[in-house]
Amino acid sequence: MEGLIIARINPVRAYCRRHQSPFIPTYTPRLVKRVLLTPIGMMKHPKSLNSVAASVQPLESSAASRLDNTLPSKEILEVWQKADAVCFDVDSTVCLDEGIDELAEFCGAGKAVAEWTARAMGGSVPFEEALAARLSLFNPSLSQVQDFLAQHPPRISPGIDELVKKLKAKGTAVYLVSGGFRQMINPVASILDIPPENIFANQLLFENSGEFLGFDTNEPTSRSGGKATAVQQIRKVHGYKALVMIGDGATDLEARKPGGADLFICYGGVQLREAVAAKADWLVFNFSNLINSLE
């Protein structure tokens, strides 16, 4: 998922397995190939963005009749306005797509993988089990990932760029905490000007030949409860007083626990998972709601 891309492969490097703090890592070299892609812009998809925006209103109206958390309380607004850190999920939140579903579709296994994604995001299957199962259905090679990224630039959710800019202007730290893959999230972070050290995500691994090897199981986001672990680590290291998690899935909701997020905002503008939305502190369908409430 990248804007216009120069598909540039850097020389083979030793992949480094992280086994201490993700913030002050110690490394043990492991020989795999890493691909670095240089974004040089982002293609616009006005038709796709408009179609998604047009679908939000009926979805919001329908949900409002069943859920009572679309209007935040005064206490919730205060936490949101005073937050010194905000963590965003990426797939179906910052971006309009589920990255692994799109990659699987590109590799010819879209339907089967999408079914697994729905189960994982609904919380009915342990995340690590769903992640391994989905990847095993198509085992993406290095060249397939490169081709996918070159042909599929990120599709950013309407308003997310403005929201991130506004948060940063207030001095609020912004993080991307995702069960997706860094290869696909790095271009998104580049567009939003989010530094690499503020990304917590999974890593696809490849053999020297370019064949799929697996994913780094040391990443906290590679397993159930991993986003909660990542958010707790972020908070502990930086000492944030108020931290907010924004996402659409069960793994995002998990981050709302002691020592983690003080507030979970469910974004239903792309996918509405009612079991998750019903437990959220605040349900929104447009990022404009969050932008306007900061003023």
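Of all residues in region 151-178, those satisfying the criterion of being surrounded by fewer than 16 Cβ atoms within 10 Å (Cβ to Cβ) and under 10 Å from Leu192 (Cβ atoms) are Lys165, Lys168. Among the residues of region 123-130, is any crowded, with 19+ Cβ neighbours inside 10 Å, at pLDDT 95 or above and assigned to a helix (DSSP H, G or I)? No; the residues of region 123-130 include none that is crowded, with 19+ Cβ neighbours inside 10 Å, at pLDDT 95 or above and assigned to a helix (DSSP H, G or I). Exactly one residue out of Asp101, Asp84, Asp147, Asp89 is among the charged types (D, E, K, R) and at pLDDT below 95: that is Asp101. The set of residues in region 237-265 that are buried (at least 22 other Cβ atoms within 10 Å of the Cβ) and in contact with a Gly (Cβ under 7 Å, 6 or more places away or on another chain) comprises Asp248, Thr251, Glu254.
The residue of region 202-228 that is nearest to Cys107 (Cα to Cα), among those that are polar (S, T, N, Q) and surrounded by fewer than 18 Cβ atoms within 10 Å (Cβ to Cβ), is Ser209. Examine region 233-245 for a residue that is touching a Phe, Trp or Tyr at 6+ places or on another chain (Cβ under 9 Å), in contact (Cβ under 8 Å) with a residue 40 or more places away in the chain, within 27 Å of Ala133 (Cα to Cα) and of a type in the set (S, T, N, Q), and state whether such a residue exists. Scanning region 233-245 turns up no residue that is touching a Phe, Trp or Tyr at 6+ places or on another chain (Cβ under 9 Å), in contact (Cβ under 8 Å) with a residue 40 or more places away in the chain, within 27 Å of Ala133 (Cα to Cα) and of a type in the set (S, T, N, Q). Residue count for region 55-81 under the criterion of being in a helix (DSSP H, G or I) and modelled with pLDDT under 85: the result is 10. State whether one or more residues within region 262-280 are in contact with a Phe, Trp or Tyr (Cβ under 9 Å, 6 or more places away or on another chain), of a type in the set (Lys, Arg) and more than 22 Å from Leu294 (Cα to Cα). Yes, the conditions are met somewhere in region 262-280.
Within region 215-231, residues that are in contact (Cβ under 8 Å) with a residue 24 or more places away in the chain and of a type in the set (Gly, Ala, Ser) reach partners that are surrounded by fewer than 21 Cβ atoms within 10 Å (Cβ to Cβ) and not in a helix (DSSP H, G or I) with beta carbons closer than 6 Å, at six or more positions or on different chains, in the pairs Ser224/Pro126; Ala228/Lys257. Among the residues of region 96-114, is there at least one that is among the small types (Gly, Ala, Ser), outside any helix (DSSP H, G or I) and out of contact with any Ser or Thr (no Cβ under 7 Å at 6 or more places or on another chain)? Yes, region 96-114 contains a residue that is among the small types (Gly, Ala, Ser), outside any helix (DSSP H, G or I) and out of contact with any Ser or Thr (no Cβ under 7 Å at 6 or more places or on another chain). Selection within region 250-295: residues that are among the polar types (S, T, N, Q) and without any contact (Cβ under 8 Å) to a residue 12 or more places away in the chain. The member of this set that is nearest to Val90 (Cα to Cα) is Asn289.
Listed by position, the strands (runs of 3 or more DSSP E) enclosed by region 151-207 include none that has at least 2 residues that are without any contact (Cβ under 8 Å) to a residue 12 or more places away in the chain and in contact with a helix residue (DSSP H, G or I) (Cβ under 8 Å, 6 or more places away or on another chain). Scan region 280-295 for residues that are surrounded by fewer than 15 Cβ atoms within 10 Å (Cβ to Cβ) and either in contact with a Leu (Cβ under 7 Å, 6 or more places away or on another chain) or modelled with pLDDT under 95 (or both) and report the count. Looking only at that region, the number is 2.
In region 104-122, the residue that is modelled with the lowest pLDDT out of those that are among the aliphatic types (A, V, I, L, M) and closer than 27 Å to Val244 by Cβ is Met121.
The values are calculated or read from the model by the stated rules, or taken from the named source; none is laboratory data. Just so it is clear, the structure is predicted and the values come from calculations on it, not from any experiment. All Cβ positions, even for glycine, are placed from backbone atoms using ideal geometry, and neighbour counts span all protein chains on display.
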